[in-house]
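Structure, as structure tokens:
The values are calculated or read from the model by the stated rules, or taken from the named source; none is laboratory data. These figures come from a predicted structure and were not determined experimentally. Cβ placement follows ideal geometry from the backbone for every residue including glycine, while neighbour counts extend to all protein chains displayed. Ligands, DNA and RNA are excluded from the accessible area calculation, which covers all protein heavy atoms including side chains. Shrake-Rupley method; radii C 1.70, N 1.55, O 1.52, S 1.80 Å.
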Protein chains: 2
Amino acid sequence: MKTRIGIYGYGNLGRGVENAIRQNEDMELVAVFTRRDPSALKIATPTAAVCAAADVDSYVDKIDVMILCGGSATDLPEQTPALAKLYNVVDSFDTHANIPTHFANVDAAAKGAGHVAMISVGWDPGMFSLNRLYAGAILPDGKDYTFWGKGVSQGHSDAIRRIEGVVDAKQYTIPVEAALDAVRSGSCPALTTREKHTRECFVVAAEGADTARIEREIKEMPNYFADYDTTVHFISLDELRRDHGGIPHGGFVIRTGKTGADLEHNHVIEYSLKLDSNPEFTASVIVAYARAAHRMSIEGTVGCKTVLDVPPAYLSPKSGEQLRAELL
Amino acid sequence: MKTRIGIYGYGNLGRGVENAIRQNEDMELVAVFTRRDPSALKIATPTAAVCAAADVDSYVDKIDVMILCGGSATDLPEQTPALAKLYNVVDSFDTHANIPTHFANVDAAAKGAGHVAMISVGWDPGMFSLNRLYAGAILPDGKDYTFWGKGVSQGHSDAIRRIEGVVDAKQYTIPVEAALDAVRSGSCPALTTREKHTRECFVVAAEGADTARIEREIKEMPNYFADYDTTVHFISLDELRRDHGGIPHGGFVIRTGKTGADLEHNHVIEYSLKLDSNPEFTASVIVAYARAAHRMSIEGTVGCKTVLDVPPAYLSPKSGEQLRAELL
């Protein structure tokens with residue numbers, strides 16, 4: 001029996017989910033729901049339907065798990081509770097500070113309807129959260145650190161694009177190697193924002209624009225850049241497209257901690273990701289958790305869940321026997 | 001309410017468990033069971049009893065989880081099924097090839113008695129298994145690699161000690177840096193045993209022993225050394241004690257995989273451990289899983305479980321609300 005999937009929202013993440021479904025034989029894409037004109041949307045899966053978002057309730061018997069691919073700012077806070085009334089759902093809500101509120105809203109909707117709703121699935125929140133949890137439970141006397149990058153920050157790139165005279169821009173967040181090494185040493189350093197990450201910007205300026213002013217406006221921008229060592233490179237639009245067209249990302253979760261009668265032994269647990277495509281990797285995590293959501297729903301689980309609640313074996317298409325024999 | 005723990009077997013691992021319990025306020029050591037004379041055994045926890053292994057059934061109302069700290073070769077195959085009839089249990093059974101049989105034996109005993117039995121807890125099997133599972137579920141089109149070290153292999157050290165003329169020895173397993181780099185590149189290299197790890201031996205020879213013969217016997221030993229590039233250093237007993245007294249270990253689980261419409265994007269997921277004390281880290285993992293075993297038992301779960309079956313949140317003393325707010 002395949003898990004029948006719907007995709008709600010067809011941007012970078014939605015396309016990534018579609019690709020990921022093709023890599024998993026036990027998953028099947030049934031329909032894509034879009035707020036655009038469905039007849040104008042081409043998707044890559046010939047067997048799947050393209051439907052108007054307004055018709056989302058017409059597939060309740062044909063879809064096991066609906067994957068929500070909208071944004072965390074305005075889409076998901078509305079869509080996830082609404083769709084959890086109709087379907088088992090998975091989203092990638094990533095505004096860390098608002099997770100408790102989102103959880104409560106989604107939990108009420110999912111419980112009322114008898115569905116499983118898996119929120120904040122991806123890599124941070126997601127796989128990074130899991131690694132913070134595991135490492136913290138194993139080494140209670142310790143400290144953990146999260147570093148991001150090297151990778152493209154969409155929010156920071158957007159912030160640069162809003163500056164007058166900027167045609168386009170791409171911003172990379174880069175972890176500071178010396179900070180990583182200090183953390184790995186077990187010295188539990190106190191690190192400032194500036195010491196942990198640098199920011200590198202590739203900017204296309206309009207013809208005749210004052211690049212000195214643009215550079216100053218970037219470097220002095222509060223919250224986004226002022227607390228970081230920032231490098232600005234002005235390049236041509238062709239160079240931007242040729243050399244900075246991807247959406248790579250990644251990062252590190254490192255916990256160091258002590259054990260022993262006198263806490264005399266140090267341990268380092270490190271998890272890292274190096275991703276060519278941020279949305280495709282996030283989509284791949286989501287599809288694995290859609291499998292788990294379907295299984296948990298069949299077992300009678302209801303309500304809002306996160307990656308912290310899911311037994312790892314539920315992510316794999318393999319049986320418990322296979323997993324124990326092949327990879328335990 | 002604290003989780004009341006018993007320790008069955010008081011070697012390096014048992015002492016590690018005792019230390020780890022002191023680092024977790026919600027855990028309490030009630031009793032240590034030993035096959036030695038209990039009156040001759042000093043433990044570090046003044047409030048805990050020291051009991052004869054034969055009296056293990058006298059604590060069934062006083063212990064929530066019994067942690068088995070014996071060896072995988074002969075102790076655990078007997079002890080885990082036997083004690084699962086009396087208690088919820090956790091063991092660190094690490095003979096990978098025999099896990100399915102051990103699981104079946106323990107599962108029957110635990111189910112018959114209504115207990116939870118968590119087997120093969122530690123880091124490999126254990127945290128490394130989890131990382132193989134997560135990474136494989138996320139990136140189905142990929143390949144994973146496990147490297148061990150740098151660390152002390154007890155089995156290989158013992159094998160050297162059995163050679164005539166050897167007083168004492170310590171063997172380190174060392175991953176080959178070039179192999180790690182090749183794996184991280186995403187090229188999915190086929191690696192021979194020799195290409196993945198080297199072995200370094202520190203040997204104390206008896207006075208007048210033929211060191212050339214000892215070195216040859218080590219390097220030609222089938223299974224243990226013949227398939228590896230092995231280095232042998234002869235040192236004094238004082239040097240061995242001074243410089244090689246610890247039991248460090250660690251390793252790497254790396255999976256690389258592809259996503260995208262044409263599988264054009266590469267991703268690298270890497271998990272690594274660098275441990276000053278192998279038994280203390282293993283003990284720390286076990287204690288976190290003892291917490292989970294207790295919770296699962298309270299909820300009515302019975303039977304044999306592994307790290308692959310446990311919802312991650314059960315490992316932490318924090319509530320779901322706290323975890324979502326603080327680390328998701």
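Select from segment A:50-91 the residues that are closer than 20 Å to A:Ala108 by Cβ, within 17 Å of the chain's Cα centre (by Cα) and small (Gly, Ala, Ser) and list them in ascending order.
Matches in segment A:50-91: A:Gly70, A:Ser72.
What number of residues within segment A:70-83 are touching a residue at least 60 places away in the same chain (Cβ under 8 Å) and under 16 Å from A:Gly112 (Cβ atoms)?
The qualifying residues number 1.
Test A:Val89 against the criterion of being surrounded by fewer than 19 Cβ atoms within 10 Å (Cβ to Cβ) and more than 14 Å from chain B (Cβ to nearest Cβ), and give yes or no.
In short, no.
Tell me which of these A:Arg213 doesn't satisfy, since it passes every other one: (1) surrounded by 14 or more Cβ atoms within 10 Å (Cβ to Cβ); (2) part of a helix (DSSP H, G or I); (3) of a type in the set (Lys, Arg).
(1)
Can you pull out the residues in segment B:150-198 that are among the β-branched types (Val, Ile, Thr) and part of a helix (DSSP H, G or I)?
Correct list: B:Ile160, B:Val183, B:Thr193.
Among (1) modelled with pLDDT of 95 or more; (2) open to solvent by 10 Å² or more (accessible area, probe 1.4 Å), which single condition is B:Asp158 missing?
(1)
Out of everything in segment B:104-132 that is open to solvent by 30 Å² or more (accessible area, probe 1.4 Å) and either part of a strand (DSSP E or B) or touching a Cys at 6+ places or on another chain (Cβ under 9 Å) (or both), what residue ends up being nearest to the other protein chains (Cβ to nearest Cβ)?
Ranking the candidates gives B:Ala104 first.
Looking at (1) open to solvent by less than 10 Å² (accessible area, probe 1.4 Å); (2) farther than 21 Å from A:Asn131 by Cβ; (3) at the interface with chain A (Cβ under 9 Å from one of its Cβ atoms), which is the one condition that is false for B:Ile218?
Checking B:Ile218 against (1) open to solvent by less than 10 Å² (accessible area, probe 1.4 Å); (2) farther than 21 Å from A:Asn131 by Cβ; (3) at the interface with chain A (Cβ under 9 Å from one of its Cβ atoms), the one that fails is (3).
Could you list, in sequence order, the residues of segment B:11-43 that are aliphatic (A, V, I, L, M) and in a loop (DSSP other than H, G, I, E, B)?
Once the filter is applied, which keeps residues that are aliphatic (A, V, I, L, M) and in a loop (DSSP other than H, G, I, E, B), segment B:11-43 yields B:Leu41, B:Ile43.
Which residue, of B:Asp37, B:Asp26, B:Asp55, B:Asp94, is within 14 Å of another protein chain (Cβ to nearest Cβ), in contact with a strand residue (DSSP E or B) (Cβ under 9 Å, 6 or more places away or on another chain), open to solvent by 30 Å² or more (accessible area, probe 1.4 Å) and free of Cβ contacts under 8 Å to residues at least 60 places away in the same chain?
Being within 14 Å of another protein chain (Cβ to nearest Cβ), in contact with a strand residue (DSSP E or B) (Cβ under 9 Å, 6 or more places away or on another chain), open to solvent by 30 Å² or more (accessible area, probe 1.4 Å) and free of Cβ contacts under 8 Å to residues at least 60 places away in the same chain holds for just one of B:Asp37, B:Asp26, B:Asp55, B:Asp94, which is B:Asp94.
Only residues that are part of a helix (DSSP H, G or I) and polar (S, T, N, Q): list them for segment B:51-103, please.
Hits for segment B:51-103 are B:Ser58, B:Gln79, B:Thr80, B:Asn98, B:Thr101.
How do the pairs read when you match residues in segment A:304-322 that are more than 7 Å from chain B (Cβ to nearest Cβ) with residues anywhere that are open to solvent by 10 Å² or more (accessible area, probe 1.4 Å) and aromatic (Phe, Trp, Tyr), using Cβ under 6 Å and keeping only pairs 6 or more apart or on different chains?
A:Cys304/A:Phe103
How about segment A:136-195: which of its residues are among the hydrophobic types (A, V, I, L, M, F, W, C), touching a residue at least 24 places away in the same chain (Cβ under 8 Å) and within 13 Å of another protein chain (Cβ to nearest Cβ)?
Answer for segment A:136-195, where residues must be among the hydrophobic types (A, V, I, L, M, F, W, C), touching a residue at least 24 places away in the same chain (Cβ under 8 Å) and within 13 Å of another protein chain (Cβ to nearest Cβ): A:Ile138, A:Leu139, A:Leu180, A:Val183.
All but one of (1) under 28 Å from B:His267 (Cβ atoms); (2) surrounded by fewer than 16 Cβ atoms within 10 Å (Cβ to Cβ) hold for A:Cys201; which doesn't?
(2)
Of the numbered conditions (1) within 29 Å of the chain's Cα centre (by Cα); (2) surrounded by fewer than 18 Cβ atoms within 10 Å (Cβ to Cβ); (3) more than 14 Å from chain B (Cβ to nearest Cβ), A:Gly245 fails exactly one; give the number of that condition.
So A:Gly245 meets the others, but not (3).
State whether one or more residues within segment B:274-281 are part of a helix (DSSP H, G or I), free of Cβ contacts under 8 Å to residues at least 24 places away in the same chain and out of contact with any Lys or Arg (no Cβ under 8 Å at 6 or more places or on another chain).
The answer is no, given that none of the residues of segment B:274-281 is part of a helix (DSSP H, G or I), free of Cβ contacts under 8 Å to residues at least 24 places away in the same chain and out of contact with any Lys or Arg (no Cβ under 8 Å at 6 or more places or on another chain).
Find the residue count for segment A:73-94, including only residues that are among the hydroxyl-bearing types (Ser, Thr, Tyr) and under 14 Å from A:Pro279 (Cα atoms).
Selection size over segment A:73-94: 1.
Here is a list: A:Asp229, A:Asp238, A:Asp276. Which entry is charged (D, E, K, R), within 14 Å of another protein chain (Cβ to nearest Cβ) and on the phi < 0 side of the Ramachandran plot?
Selected residue: A:Asp276, the only one of A:Asp229, A:Asp238, A:Asp276 that is charged (D, E, K, R), within 14 Å of another protein chain (Cβ to nearest Cβ) and on the phi < 0 side of the Ramachandran plot.
On the given criteria, is B:Pro46 part of a loop (DSSP other than H, G, I, E, B) and either on the phi < 0 side of the Ramachandran plot or touching a Cys at 6+ places or on another chain (Cβ under 8 Å) (or both)?
Answer is yes for this residue.
For segment A:231-269: of the residues being without any contact (Cβ under 8 Å) to a residue 60 or more places away in the chain and in contact with a Phe, Trp or Tyr (Cβ under 9 Å, 6 or more places away or on another chain), which is nearest to A:Phe147 (Cα to Cα)?
The extreme case among them is A:Val232.
Could you list, in sequence order, the residues of segment B:218-254 that are over 30 Å from B:Asn266 (Cα atoms) and touching a Pro at 6+ places or on another chain (Cβ under 7 Å)?
Result: B:Ile247, single match.
A quick yes/no check of all residues on (1) assigned to a loop (DSSP other than H, G, I, E, B); (2) open to solvent by 20 Å² or more (accessible area, probe 1.4 Å); (3) among the aliphatic types (A, V, I, L, M):
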residue: A:Val253; (1), (2), (3): no, no, yes
residue: A:Leu263; (1), (2), (3): yes, yes, yes
residue: A:His267; (1), (2), (3): no, no, no
residue: A:Val285; (1), (2), (3): no, no, yes
residue: A:Ala292; (1), (2), (3): no, no, yes
residue: A:Cys304; (1), (2), (3): no, no, no
residue: A:Leu308; (1), (2), (3): no, no, yes
residue: A:Glu321; (1), (2), (3): no, yes, no
residue: A:Leu328; (1), (2), (3): yes, no, yes
